[in-house]
Structures are given as structure tokens and as C-alpha cells.
1. If the cut-off is a Cα-Cα distance under 13 Å, which aspartates and glutamates reach Lys307, setting aside same-chain residues fewer than 8 apart in sequence?
2. Cβ under 10 Å from Leu18's Cβ, Leu18 left aside: what net charge do those residues give with Lys, Arg +1 and Asp, Glu -1?
3. Taking the solvent-accessible surface of protein heavy atoms with a 1.4 Å probe, what is the per residue accessible area of the range 180-420 in Å²?
4. Suppose a student asked you for the relative contact order of the chain, using Cα pairs under 8 Å spaced at least 6 residues apart; what percent would you report?
5. Taking θ as phi - 60°, what are the ³J(HN,Hα) couplings along the range 61-66 by the Karplus curve (6.51, -1.76, 1.60), each to the nearest whole Hz, with x for Gly and Pro?
6. At most 16 other Cβ atoms within 10 Å and a DSSP loop assignment: could you name the trypsin sites (Lys or Arg not before Pro) in the range 345-385 that fit?
7. Starting with the highest mean, order 502-512, 81-91 by the number of other Cβ atoms within 10 Å, averaged over the residues of each peptide.
8. Based on the mean of other beta carbon atoms within 10 Å per residue, what is the order of 322-329, 66-73, most packed first?
Amino acid sequence: QKTSICYLSFPDSYSGGLGDTQFTFRLRQAGGSRSSLFQDDGRYNREAPLTLQREAAHYFGYVYFRQVKDSSMRRGYFQKSLVLVSRLPYVNLFQYLLQLIAPEYFDKLEPCLEAVCNEIDQWPPPVPGQTLNLPVMGVVIQVRIPSRVDKPGSSPVKQCNQENLLPAPLVLPSVYELDLFRCFQPVLIHIQMLWELMLLGEPMVVMAPSPSVSSEMVLALTSCLAPLRYCCDFRPYFTIHDSEFKEYTTRTQAPPNIVVGVTNPFFIKTLQHWPHILRVGELRMAGDLPKQVKVKKLAKLKTLDTKPGIYTSYKTFLHKDKTLIKRLLKGIQRKRPSEVQSALLRRHLLELTQSFIIPLEHYIASLMPLQRAITPWKNPPQIRPFCQEDFMKSLEHAGPQLTCVLKGDWLGLYRRFFKSPNFDGWFRQRHREMSQKLEALHLEAICEADIGAWMKDKSEVEIVDLVLKLREKLVRARCQHLPVKEETLQRVSLYIDTIIGSLPEDLQTVLHHP
């Protein structure tokens, strides 16, 4: 794993560029224990947006690489990377932190890192919804940790007024949001196609001139489904030394559902059997709309000097949104700031995803049993199964056409989506949440019931059985953090004590000390 981190921390193809570059990689955790050092994982992941949860099986690596001429070095260059490894996808926060630390570290080496680590050790844990002040190297970085209850697409809540903070804090508007407009500038007219490919979890290669361009493009692509979680694997930067290299380049099986960012020209040959390849050049913010890449046939992807383009035979289900392109073009002509253009783009993608997902949310909510069907002394009823054909019929009167002006084959897009890992991930998450809601409603029904009336004609065996079942429910509610009020849990606990108190002493002793 350490060797992989080392390989991923340097550009793997010749880069004549001098100076400093930053990029991001994502690394599968090596085998063995998946337990985390963090005790608050459960709470953080319950309260954070699904797209920002702490990863259990992957690490992110945030890299600051410096390459400068230095005649005292054997190779004539000083080449060094400082890497921050985390399970959190806070690309803005950690890359900004590296901008502060890395230049100092390259000058002063280990003592500087030791001082920084001591400061970071004192930072509070990231609690969703809270604004944190993070002191490091004489600067206070102020960030707000996003929460699941934030309204999707809303701008970050205004930071707290910290007049008493000296030095005045440096406010980061977002811990994770990229400049989407800058990342997508060469492919803006194909944003619809790229969104569909991400939604369907299609295998895709991003070929870029540098790790920073490849990692930014991959992270931008995987973020464009928010608030839907991208459930496939993704590697913002991938090298030939990676342990999964053989797995991804084999031609004996279909490419996996993954977006992979590469820079080594060698991959043009080894990955040319993949169905979708996006080749991009250096990202430059010009005053005009950058030259847009063309969609080309995969057969043309043969030579090392392959031109930028999207090499695919994919036909989109939905028509292009020409109004978006017109609005972005108008923004370029009026010299609108990049962050405003990014907000436009993000809003468009959010509305597109919501138009697609809202009918699914409505349908899955209809599978939940009615509250009146939940009775205290019977197991809660089952959630009805998801029937694709029933869902398709529901689209006639409650489909995406109600919220989205885009025309096209929405039904075909849904049918293809049902086969993707993103549908599987979404469905499992919603089903788990609904099951927990059912459990919570059942506990509340028990609290409202007349326990004395129920016990009148019951045998001791039935009463003991009820005590054991209630105890099990209570333990599960606490362990799984079910959406139940503490007051309800305390009442159930009191019920258990009341029931035990009505039993003969020998049974009371056994039940009090099981």
C-alpha cells in the first residue's frame, strides 16, 4: 500500500513542466481489517450527505508535487511530493492545506511537518452542519462541514461572524466543490452525454496530459450526479504500477464499472477496448469558449498523438439542452466569473438528476406499508417489492416530464439505469432507511398500546417471549441509531421493567440477570 502511494504521488509520464502541481488520487485499502481509527464514523456518516461519507475501503491521496532544476541533484532536478492521505473527499480543504504546508516543508523539512501535525491533532472532528475554525501555520481556515439536511443546491450557509478571531479567518466557501465550469470547459456541449454515462455507471477512461487535469476531470464527472451517490469505483489518477493494472487492462472480460484517469500514453494501447474514452488537453481559461472536443469513433483511437475527443459509439437517450450552452456562452461574452458559471452548471445538473430521481422516490415511497397496518403485537408488515413494470406505468402521469423540459427516451434511460450499480446502491440505501422507519413506527405503536390489557389472558411463556423481543428491539434501535425519540426508547424500557415486575420472583431474577 505504501509503495502504491509512492507511485501515485508522482507524474508517471515525462513532464517537462517545472514548478508546483497539485492532484488527487484514490486508493483501494489493502486487505485485512477494515476497522477505522475514528470512533465517530457512524455518527458522521449518518449526518453527512451520501456523497461526502467517509469511505470504509478507500483512501484519498492529496498531492503537492514540486519539480525544479537543481544541479546539486544527480538527475539535475529537485522532485518531491507531499501527500495528505484521508478517507474524507474534502478536495478543496486538503488541497488548500497543502498549499500552505508544502512550500514550507520543502524548505524546512521534518521539523515543519512535526509542528503542523501537532496543530492538526488539536482540530475538532468534522461534525456535519458545524462551522469549524482550523488553525495551522499562523492561519485560521474556516469551513462549514456539509450536512444531509442541507437543501441540495443551496449556497453554503453564511459563516459565523467571528470578529474576535485573530488573525481573521480565511473562509473556504466549500470543502469539496470543484470549479465545474473550468473542469468541463472542453466538453460543455457534451455535458448531457457525460451525465448519462455517469448515471449508467459506464466504464470510462479520461486521458489527460497531467495528473492534475485527469484527477480534476474524474472528480468533476463523479460529482455531477449529486445528490445521487455515484456508487461505482473511480480513480482520479491511475498508473501502470497500480495493483489493479492487470484487472483493468485484461481483454478476457468486459471493463469494470469505473472511471479511471490516466496520463501515460501507454494506456492508449492497453485501454483501447474500453467503450468510452475521453481525451482532453491542458485546461486553459481563455476569454472565449474553449475549442469543444468532438465525438469520434473508437476505431480512430490508435496512435499516440490521438487528438482530443470523446471516443465512443454511445447514443444519448435525451436530447441536448441548447439553452444551457447559450446561457454559458452569454456568461463568457459578459466575462461572468467562473464560480458563477460553475453555479449555473451545477444547478442544471442538479435539476436534471432530481427530475430523473423524483419519480423513483415517489414510487418507492408508495411501497411503504400504511401506518394503520402497523400493530403493536405483530411483526411490522413488509415493504412491498420494487416492480420495474409498475414503476414504468407510473411515469405516464408522474414522470420526469413534469419537472424537466428535456425531450427524449426517458423510459429507455430508466431501463438501462436499472442494470447499473448506481440503481443498486440507491435502492439498497432507500430500502434500509425505510426498514429502519418501519422499526421506529413499530416501537412507537408499542408505546401507545395498553400493555396491561394485552397481558391479561397471556401465559408466562408468551410474556417472557415478549420481554425478550422488546429487549432485542431496544438493542437494535440503539445500535442502528433508528430514527426514534429517546423518550420512546425510555418508555419501552419502562414497559419491560413493568412486565418483568408482574412475573413470579424466580422469573424476575432470571430476566434481570440473563
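1. Straight-line reach from Lys307, under 13 Å: Glu282.
2. Numbers: positive: Arg66, Lys69; negative: Asp20.
Taking every Cβ under 10 Å from that of Leu18, the sum is +1.
3. Values: 11660 Å² over 241 residues.
Accessible surface, normalised per residue, equals 48 Å².
4. On the way: 726 pairs, mean separation 61.9, N = 514.
About 12 percent, as a whole number.
5. Rounded to whole hertz, the list is x, 10, 10, 10, 10, 10.
6. Those satisfying the criteria are Lys378.
7. Details: 502-512: 11.9, 81-91: 18.7.
Going from most to least packed, we get 81-91, 502-512.
8. Ranked from most to least packed, the peptides come out as 322-329, 66-73.
The values are calculated or read from the model by the stated rules, or taken from the named source; none is laboratory data. These figures come from a predicted structure and were not determined experimentally. Every residue, glycine among them, receives a Cβ derived from its backbone with ideal geometry; neighbour counts consider all protein chains shown. When the accessible area is computed, the model is the full protein with side chains, heavy atoms only, and any ligands, DNA or RNA have been set aside. Shrake-Rupley method; radii C 1.70, N 1.55, O 1.52, S 1.80 Å.
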